[in-house]
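Chemist: Quick one: the structure is below, questions incoming.
The values are calculated or read from the model by the stated rules, or taken from the named source; none is laboratory data. Since the structure is predicted, the reported quantities are computational estimates derived from the model, not experimental observations. Every residue, glycine as well, gets a Cβ built from its backbone with ideal geometry; the counts of neighbours run over all protein chains shown. What goes into the accessible areas is simple: the full protein's heavy atoms, side chains included, and nothing from ligands, DNA or RNA. Shrake-Rupley method; radii C 1.70, N 1.55, O 1.52, S 1.80 Å.
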Amino acid sequence: MQKIGLYALLAIVVFALVFAFLPGSRTESRTGATLQGVQLRLYPARDPDAVWSFRAADVTSDPVTNETHLRTLSGGQRVVKERDNKGVLTGREILDARLSAPELTIDAQDNMLTRQARITLVQECADIDLSGTPQQPVKIEQGSGFSAPLAKVDSPNWGGTFTRLRMSFQFVSEEAGEDSKTTFELDPDEKCVNGKRVPISRR
């Protein structure tokens, strides 16, 4: 009886050793799915009045990290549900911002990360070029705004080059480095009308 038990134990040990050294037994399995030619809509929970939409050549979703990677983007934009003076929804949607970037990562909190991007705040006719690094990427935070280690702002009334910029979707600079340089147009040549830059007549 003891011999039978010993043989069974040895068989289990041998099986465990063989299984441990099988090819691929120590490699991590790949998860997720990749789609091509995708139109994507994002409804961020922290910004319920906003909807982001994109077109992407490749979209990869990883259920383990809960991240979505978009490559070769086009048509990126943010629309906001309109509210009246009493805060009641009117049923209309307003184009609030356009976004262009070579690639984008959407994390578990619906924030968007990328190496570089251009955000155009439509109602202010403001173009903001954002640059980041792998360690400090450009970050677009839902319900808040965006930040980047380096940014260039161009609008009819003011602009400049900014370090460590943090800005809201309402075109309010909330934070910037001390070495940032701001320029103001006291006599601008353009004005923003319905989301378009229009030359100012000098007659």
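Chemist: Kindly report the accessible area of segment 65-148 per residue (heavy atoms of protein chains, probe 1.4 Å, no ligands, DNA or RNA), in Å². Walk me through the numbers on the way to the answer.
Modeler: Details: 4220 Å² over 84 residues.
Here the residues of segment 65-148 average 50 Å² of exposed surface.
Chemist: Relative contact order, percent, of segment 139-183 when contacts are C-alpha pairs under 8 Å separated by at least 6 residues?
Modeler: 32
Chemist: Further question: Over segment 35-126, calculate the relative contact order: mean separation of alpha carbon pairs under 8 Å at least 6 apart, over the residue count, as a percent.
Modeler: Relative contact order of segment 35-126: 22 percent.
Chemist: Which peptide among 166-179, 79-92 comes first, and what is the full order, when sorted by highest mean count of other Cβ atoms within 10 Å?
Modeler: So the peptides 166-179, 79-92, ranked by packing, come out 166-179, 79-92.
Chemist: Here is a further query. Treat each spin label as a single point 7 Å out from the Cα along the C-beta direction, and report the Thr163 to Asn66 distance in nm.
Modeler: Calculated label separation equals 3.5 nm.
Chemist: Right, another one. From the protein chains alone at 1.4 Å, what is the descending order of accessible area for Cys125, Cys192, largest first?
Modeler: Cys192, Cys125
Chemist: Could you please state how large a percent of the accessible area of segment 26-165 is carbon and sulfur, counting protein chains only and using a 1.4 Å probe? All intermediate terms of the calculation are to be shown ahead of the outcome.
Modeler: Numbers: 3570 of 7840 Å².
That share works out to 46 percent.
Chemist: Could you derive backbone 3J(HN,Hα) for segment 44-52 from the dihedral phi with the Karplus parameters 6.51, -1.76 and 1.60 (θ = phi - 60°), listing whole Hz in sequence and x where the residue is Gly or Pro?
Modeler: Calculated HN-Hα couplings, in order: x, 5, 7, 9, x, 8, 10, 9, 9 Hz.
Chemist: Treating cross-link reach as a plain straight distance, find the aspartates and glutamates whose alpha-carbon is under 17 Å from the alpha-carbon of Lys181, omitting any fewer than eight places away in the same chain.
Modeler: Asp127, Asp129, Asp154
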